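**Q** Questions regarding the structure given below will be posed in turn.
The values are calculated or read from the model by the stated rules, or taken from the named source; none is laboratory data. Source: prediction; values computed, not measured. Positions of Cβ are backbone-derived with ideal geometry, glycine not excepted, and every protein chain shown enters the neighbour counts.
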Amino acid sequence: MKDFRFGPAEFYLIGFEGTRPDPATFAALDALLESGVVRLLDFVLLSRADTGAVAVRELDTEGLELSHFAPIAAGIAGEEDIQALASEIPLGESAAIVVLELAFARTLAQNLAAAGGHVLRSERVPAPIVNAMMDMLEQEGE
């Protein structure tokens, strides 16, 4: 059986006010990384000036309690990715590009490959839509 070193990855653009995230901003992500469900492939901190100019900044983890924020594939978010995502940051604000490997999906893909199968397509439905659909289904069932 072929071992997969990595599973699928997802890019997230996480916005926050000001130039430095509040320590609570990434607490949930830190807990998720600690659980092993995902692995951090890359982390890029950006700020967008009022003029629209984008600056890539180093993350100073002091005081942020980001114990697991050590990217294992820094640079996977390339310049094209950074520029495309940076255009979505409101003027005068900052954001982080967080690239996560879905560890559970690596296991699924590896097991499927061992059985002679493979994922042909994967599609994400945003959480607010799933929750709204579930609320509708539960109301219909009452």
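**Q** Which condition from (1) crowded, with 16+ Cβ neighbours inside 10 Å; (2) at pLDDT below 90 is the one that G18 breaks?
**A** Here G18 clears every test but (1).
**Q** Further, regarding this structure: Going by the conditions given, is A114 surrounded by 10 or more Cβ atoms within 10 Å (Cβ to Cβ) and closer than 30 Å to A27 by Cβ? First the steps, then the outcome.
**A** Working: surrounded by 10 or more Cβ atoms within 10 Å (Cβ to Cβ): yes; closer than 30 Å to A27 by Cβ: no.
Against the criterion (surrounded by 10 or more Cβ atoms within 10 Å (Cβ to Cβ) and closer than 30 Å to A27 by Cβ), A114 does not qualify.
**Q** Further question on the same structure: Taking region 117-133 as the region of interest, how many residues are part of a loop (DSSP other than H, G, I, E, B) and more than 17 Å from A105 (Cβ to Cβ)? Talk me through it step by step, then tell me what you get.
**A** Let us first name the residues in region 117-133 that are part of a loop (DSSP other than H, G, I, E, B), namely 117-126.
From what's left, more than 17 Å from A105 (Cβ to Cβ): 126.
Within region 117-133, residues that are part of a loop (DSSP other than H, G, I, E, B) and more than 17 Å from A105 (Cβ to Cβ) number 1.
**Q** Quick one: count up the residues across region 1-20 that are in contact with a strand residue (DSSP E or B) (Cβ under 6 Å, 6 or more places away or on another chain), closer than 23 Å to R124 by Cα and part of a loop (DSSP other than H, G, I, E, B).
**A** Summing the residues that are in contact with a strand residue (DSSP E or B) (Cβ under 6 Å, 6 or more places away or on another chain), closer than 23 Å to R124 by Cα and part of a loop (DSSP other than H, G, I, E, B) in region 1-20 gives 3.
**Q** Step by step: first the residues of region 58-73, then only those that are surrounded by 14 or more Cβ atoms within 10 Å (Cβ to Cβ) and farther than 19 Å from A24 by Cα, then the one that is modelled with the highest pLDDT. Which residue is that?
**A** Checked region 58-73; the qualifying residue modelled with the highest pLDDT is A73.
**Q** List, please: which pairs have Cβ atoms under 8 Å, are six or more places apart or on different chains, and start with a residue in region 11-37 that is touching a residue at least 24 places away in the same chain (Cβ under 8 Å) and end with one that is polar (S, T, N, Q) and assigned to a helix (DSSP H, G or I)?
**A** I14/T25; F16/T25
**Q** Continuing with this model, one more query. Which pairs have Cβ atoms under 9 Å, sit 6 or more apart or on different chains, and link a residue in region 125-141 that is under 26 Å from E10 (Cβ atoms) to one that is at pLDDT 90 or above and of a type outside the set (D, E, K, R)?
**A** Qualifying pairs under 9 Å: V125/M133.
**Q** Just to be sure, is A105 at pLDDT below 90, more than 19 Å from the chain's Cα centre (by Cα) and part of a helix (DSSP H, G or I)?
**A** Numbers: at pLDDT below 90: yes; more than 19 Å from the chain's Cα centre (by Cα): no; part of a helix (DSSP H, G or I): yes.
No, not satisfied.
**Q** Using the structure shown, decide if L85 is of a type outside the set (S, T, Y), at pLDDT 90 or above, within 30 Å of R5 (Cβ to Cβ) and exposed (fewer than 14 other Cβ atoms within 10 Å of the Cβ). Before you say what the answer is, go through the steps one by one.
**A** Numbers: of a type outside the set (S, T, Y): yes; at pLDDT 90 or above: yes; within 30 Å of R5 (Cβ to Cβ): yes; exposed (fewer than 14 other Cβ atoms within 10 Å of the Cβ): no.
In short, no.
**Q** Identify the residue in region 21-37 that is part of a loop (DSSP other than H, G, I, E, B) and modelled with pLDDT under 80 and, among all such residues, is surrounded by the most Cβ atoms within 10 Å (Cβ to Cβ).
**A** P21
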